[in-house]
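Visitor: Can you read through this structure? Questions will come right after.
Just so it is clear, none of the values below were taken in a lab; they were calculated from the coordinates. What you are looking at is a predicted structure, and each value in this text was computed from that prediction instead of being measured. Here the Cβ is made from the backbone with ideal geometry for all residues, glycine too, and neighbour counts use every protein chain on show.
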Amino acid sequence: MTKRIDSTFSRLRSENKAGFVAYFMGGDPDYDTSLEIMKGLPKAGADIIELGMPFTDPAADGPVIELAGLRSLKSKTTLKSILKMATEFRKENNETPIIVMGYANPVHHMGYAEFAAAAKQAGIDGAIIVDLPPEEDADLRAAFDDHDLALIRLATPTTDDARLPVVVKGTKGFVYYVSVAGITGKALGASEAVANAVERIRTASGLPVVVGFGIKTPEQARSVAQDADAAVVGSAIVDAIAKTLDENGQATSTTISAPLALVRSLSAAAHEPRI
Amino acid sequence: MSNYPDENGRFGAFGGRFVAETLMPPILELEAAYSEARNDPNFQEEFDEFAAHYVGRPSPLYFAERLTEHAGGAKIYLKRDELNHTGAHKINNCLGQLLLAKRMGKTRIIAETGAGQHGVATATMAARLGMDCIVFMGETDIVRQKPNVFRMKLLGAEVRPVTSGTATLKDAMNEALRDWVTNVENTFYCIGTVAGPHPYPEMVREFQAVIGREAKAQLKEREGRLPDAVVACIGGGSNAMGLFHDFVPEKSVRLIGVEAAGRGVDTGLHAASLTGGAPGILHGNRTYLLQDEDGQICDAHSISAGLDYPGIGPEHAYLHDIGRAEYVSATDDEALEAFQLCARLEGILPALEPSHAIPRTLELAKELGPDGLIIMNMCGRGDKDVFTIADALGVEI
């Protein structure tokens, strides 16, 4: 449902501040722990939740997220259990948008129409499917449109002026600007270049622009929040979870609290009034 | 049928460009550059020059008299692409792609490799054209293909071990895609098979199509007619597509691809994507994949590192679905036995990859009878496999 996304951004606009988007891998390191982390995210300052769907071959991700996906799969996470996690979350929270993020094959295997219907029912608001560029997402977009779900597109530093209209056409909710040409978890792009890109995409799309890839510290979140409508953090949160795990990759006493503490400090920085 | 793929890189429901947005501009750039090059007579001339004097084309079409006698039926001809420089058909494609890379002003070449044949061929052309070369190779494959790893290093390439996933070909491809996405400016990704995002399946097919073109003309000269069937092993499917392409419009010619059945298609330990997989999306294209009930990719298994891939080129998926080509399989054991048979009867050590095509070729020869004509692609030589074979036979060398 794009309504939750739209009202989140209009609230942020009225407060004159940027939002904070928190990514984590669903089912990492196990279903119950992961669900508890998810439930804690809104209170820790996440305005939007990106719920990662694991895939065996995440070719656009760096090692941090790849390993999280493999841990999640090892604990028997399926697309259905990701949907269940969203359903459980919605029992206590009906405001925070949930965007699922992953790769095309598991969704394709379930069937686009079935996935869209199930996602809607689970209270999911949209999806980012990394390996479905605009040229290939027409079928999924049609299924999403039937259920008023947002299929969110990625723009990157390689998306030039000629290509930008193709990328923003038909997109809903917001546009996700990947600040560096590379995989997840790399260094953040230069702030001036990011600011220019955000402006360019916002003008072309008429939608809010969130910026991700490479934000690890409150300083970086604060800097991105000057220009972006929201700052996205993924690898740093996933890494905070990974650091708490025992030698068998199992949760310990700090696996829930550590990532939430990080989200609190990053979101506070992103939420500071713009200079 | 040769009009495929369409402008979106589709072979019917297969193919396409399923890549992250970061890679869309570079693959569109590649498509434009390739389309310009293929229409430039100078590019073709340069390709032909290297093909003749560096690669050693045309490769012979050899009448395998003793294998024919052994099978007791149709005449079996072997297209000897194992006699190419670097010992496999892979160099045809690397020659084409690296000449294109040079034309595009790219200075850094990356490639994935399974058996190491594509890695060696890429490293060879990169050395010849004076380019930097980085080859991604799964750690599992590095262990079982040591001679090729050393060859790549001798050729000046850097071999980067890939430890993620199952540490085989699919993981090497993930890693190469990650590298490409990070270094798009100066880097050319030389994909080794007829898979990946458009335009790779078409481009690699065109560079490999020299195999079928030559074989067709050579058999015409020898026998005065078309073959009844052409047979090739299939991992990603580049040697098969190269052999098949010119025969696709010749309706009387059966096209037969042999997948790796590993320990048996019903054991779950195999690499037969068409026989034992389902359509899905991986590595830039929609095609048949080995996957579980949740759409997660399954590990492929084959004694041959070059066939150990959970997908197949999208054009094969298309030819399979429309019924134009037939796809069968051969197990590890059958390939091992065929390897030994070919060595003793013909004095040729085939690579483990084409060893898979031999048992089905022998059966087919019997089925077609003495008036039949078969061309099998001997796409690689077996020197690289002697350690694996010794190990499988329990021999210490």
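Visitor: Give me a single rounded figure for A:53-65: the average over its residues of other chain Cβ atoms within 10 Å of their Cβ.
Guide: Mean partner shielding for this stretch: 6.
Visitor: Please work out the C-alpha center-to-center distance from region B:361-389 to region B:83-121 and express it in whole Å.
Guide: Value for the Cα centre distance between the two parts: 25 Å.
Visitor: Moving on to the next point. Can you show me the helix-derived [θ] at 222 nm for chain B, built from DSSP H runs with n ≥ 4 at -39,500 (n - 2.57) apiece and divided by the number of residues, rounded to the nearest 500. List each step's numbers first, then the result.
Guide: On the way: 17 runs with 169 residues, N = 397.
Here the helix-only value at 222 nm equals -12500 deg cm²/dmol.
Visitor: Follow-up question, since we're still on this one. So if I take the centroid of the Cα atoms in region A:15-43 and the same for region B:122-141, what is the distance between those two points in Å?
Guide: 42
Visitor: Quick check on the exposure proxy: order B:D308, B:D294 from fewest to most C-beta atoms within 10 angstrom.
Guide: Going from sparsest to densest Cβ surroundings: B:D294, B:D308.
Visitor: What does the helix-only formula give at 222 nm for chain A: each DSSP H stretch with n ≥ 4 adding -39500 (n - 2.57), the total divided by the residues, and the result rounded to the nearest 500 deg cm²/dmol?
Guide: Details: 12 runs with 128 residues, N = 275.
So the calculated ellipticity at 222 nm is -14000 deg cm²/dmol.
Visitor: In the protein assembly as shown, if the dipole is taken from +1 on Lys/Arg beta carbons and -1 on Asp/Glu beta carbons about the Cα centre, which of B:G114, A:A269, B:P279 is farthest to the positive end?
Guide: A:A269
Visitor: Looking at region B:240-290, which trypsin sites (Lys or Arg not before Pro) are DSSP coil and have at most 14 other C-beta atoms within 10 Å of their C-beta?
Guide: Working: sites: B:K251, B:R254, B:R263, B:R286; in loops: B:K251, B:R263.
Answer in residue order: B:K251.
Visitor: For a quick check of your reading of the filter: which trypsin sites (Lys or Arg not before Pro) in region A:3-72 sit in a DSSP loop and have no more than 16 other Cβ atoms within 10 Å?
Guide: When the trypsin sites (Lys or Arg not before Pro) of region A:3-72 are filtered for loop state and at most 16 Cβ neighbours within 10 Å, A:K43 remain.
Visitor: Got the relative contact order for chain A handy, in percent, Cα pairs under 8 Å and 6 or more residues apart? Could the numbers behind the result be given before it?
Guide: Values: 552 pairs, mean separation 66.7, N = 275.
Value for chain A: 24 percent.
Visitor: Still on this structure: What does the charge dipole of chain B about its Cα centre add up to, to the nearest 20 debye, if the Cβ of each Lys and Arg holds +1 and the Cβ of each Asp and Glu holds -1?
Guide: On the way: 37 positive and 55 negative charges, 165 e Å.
That gives chain B a dipole magnitude of about 800 debye.
Visitor: Given a Förster radius of 41 Å and the C-beta distance between A:K243 and A:K169 as r, what FRET efficiency does 1/(1 + (r/R0)^6) yield to the nearest 0.05?
Guide: 0.50
Visitor: Give me B:M203, A:M25 ranked fewest to most by other Cβ atoms within 10 Å of their Cβ, as a rough exposure proxy.
Guide: Final ranking by Cβ density, sparse to dense: B:M203, A:M25.
Visitor: What are the DSSP H helices in chain B that stretch 15 Å or more along their long axis, judged by alpha-carbon atoms, and whose average Kyte-Doolittle hydropathy comes to at least 0.0?
Guide: Span-like helices here: B:90-103, B:117-129, B:357-368.
Visitor: Given a cut-off of under 8 Å on Cα pairs at least six residues apart, what relative contact order in percent is computed for region A:1-154?
Guide: 26
Visitor: Per residue of B:179-185, what is the mean number of Cβ atoms on other protein chains within 10 angstrom of that residue's Cβ?
Guide: Other-chain Cβ atoms within 10 Å of each residue's Cβ, averaged: 4.
Visitor: Next up: With contacts defined as alpha carbon pairs under 8 Å and 6 or more residues apart, what's the relative contact order of chain B in percent?
Guide: Computed value for chain B: 21 percent relative contact order.
Visitor: Where in region A:1-83 are there GluC sites (Glu not before Pro) that are in a DSSP coil and have at most 14 other Cβ atoms within 10 angstrom of their Cβ?
Guide: A:E15
Visitor: Further, regarding this structure: If you place +1 on the Cβ of every Lys and Arg, -1 on the Cβ of every Asp and Glu, and leave all else neutral, what size is the dipole of region A:2-270 about its Cα centre, to the nearest 20 Debye? If you can, show how the numbers build up before the last one.
Guide: Numbers: 27 positive and 34 negative charges, 114 e Å.
Roughly 540 debye, rounded to the nearest 20.
Visitor: If packing is taken as the average number of other Cβ atoms within 10 Å across a peptide's residues, how do B:272-282, A:73-83 rank, most packed first?
Guide: Most protected by this proxy first, the peptides run B:272-282, A:73-83.
Visitor: With a cut-off of 15 Å, note down the residues of region A:125-165 whose backbone N falls inside the zone around a label point 7 Å from the Cα of A:S7 toward its beta carbon.
Guide: Zone members listed by number: A:125.
Visitor: Just for the protein assembly as shown, what percent of DSSP beta bridges are antiparallel, to the closest 5? Let's see the in-between values first.
Guide: Details: 15 of 77 bridges.
DSSP beta bridges in the protein assembly as shown are roughly 20 percent antiparallel.
Visitor: Right, something else. Fully extended, how many nm does the chain gain between B:T267 and B:R324 (0.36 nm per residue separation, minus their Cα-Cα distance)?
Guide: Full extension of this stretch gives 17.7 nm more.
Visitor: How many Cβ atoms of partner chains, on average, are near each residue of B:10-23 if near means within 10 Å of its Cβ? Can you show the working numbers first?
Guide: Working: counts 1, 0, 0, 0, 0, 0, 4, 5, 12, 8, 14, 17, 15, 7.
Partner Cβ neighbours, averaged per residue: 6.
Visitor: Compute the distance from the alpha-carbon center of region A:221-275 to that of region A:125-185, in whole Å.
Guide: If we compute the Cα centre of each part, the gap is 24 Å.
Visitor: Say R0 is 56 Å: what FRET efficiency, to the nearest 0.05, do A:D146 and B:L226 get from their beta-carbon distance?
Guide: For A:D146 and B:L226, the calculated efficiency is 0.65.
Visitor: In what sequence do B:I76, A:I128 fall when counting other Cβ within 10 Å, fewest first?
Guide: In increasing order of surrounding Cβ atoms, one gets A:I128, B:I76.
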